[in-house]
Amino acid sequence: MNNITKRLARTVLTITLFFCFIAEISAEGLRVRGELITLKGNMATIKTSAGQNIDVALTHPYQILLYKDIALEDIPKGAYLSIPSVPTGNNKRRALGVNVFPEAMRGFNEGIGDWDLTADSKMTNATLAKLVSSNSQREIIIRFGDDSQTIQVPPNTQITTFGPVDNRKLKIGQKIVVFAKVAGGNLSGKFVGIHENGNLPPI
């Protein structure tokens with residue numbers, strides 16, 4: 001297999017994985033976030049920030065999604081973004097994180113809806129229209145359909161890209177987010193998000 005064929009095969013595999021990811025997280029949309037405290041076979045136990053231990057059966061083979069930090073200025077022009085945020089009281093919102101979707105996921109769940117990162121958080125999936133970055137102001141203006149939204153981006157906000165990787169394994173003590181669904185009264189999930197710096201992905 002030559003290099004061009006190998007690259008083509010990897011591209012097809014990546015696109016296929018993202019379509020599987022879309023199908024998986026579109027069902028119930030549950031996210032289990034926290035520290036991985038045990039992993040026995042395919043059964044993962046995750047300790048949440050509230051101190052609750054939750055068991056999730058990882059579908060074999062599970063797929064790791066690796067999140068990587070980028071700078072605000074490195075967000076590509078016209079990128080499709082996923083931004084969890086909270087209201088600021090001045091008709092704007094404050095980002096809890098900014099995630100750059102892979103191009104294969106453009107258009108996924110476009111718009112704004114409830115989110116479970118905090119009690120009053122929302123998630124907006126939309127296209128970048130304008131980026132404002134100066135010493136006194138960092139804002140992202142996004143568009144979805146005929147609507148637009150201005151989101152403030154504090155200096156400490158995590159900004160990430162993500163994609164599937166095959167050379168990583170889950171480790172006890174690692175911060176993870178499992179995109180899960182309910183099956184037979186139990187939680188199961190195929191996709192597990194990790195951050196390259198060990199923190200929880202901002203999702």
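The values are calculated or read from the model by the stated rules, or taken from the named source; none is laboratory data. Treat the numbers as computed from the prediction; the structure is a model and nothing was measured. Glycine also receives a Cβ, built like all others from the backbone with ideal geometry; neighbour counts cover every protein chain displayed.
Of note:
- Residue list for region 67-93, filter: at pLDDT below 95 and farther than 22 Å from A129 by Cα: G89
- Here T118 passes the criteria (1) at pLDDT below 95; (2) within 13 Å of the chain's Cα centre (by Cα); (3) surrounded by fewer than 15 Cβ atoms within 10 Å (Cβ to Cβ) except the one numbered (2).
Here's the yes/no breakdown for (1) at pLDDT 80 or above; (2) under 26 Å from D166 (Cβ atoms); (3) touching a Lys or Arg at 6+ places or on another chain (Cβ under 7 Å):
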residue: A9; (1), (2), (3): no, yes, no
residue: R31; (1), (2), (3): yes, yes, no
residue: N53; (1), (2), (3): yes, no, yes
residue: H60; (1), (2), (3): yes, yes, no
residue: A95; (1), (2), (3): yes, no, no
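- Criterion (of a type in the set (G, A, S) and in contact (Cβ under 8 Å) with a residue 24 or more places away in the chain) met by exactly one of A50, A57: A57
- Residue ID - modelled with the highest pLDDT, chosen from residues in region 137-163 that are outside any strand (DSSP E or B) and farther than 22 Å from G198 by Cβ: V153
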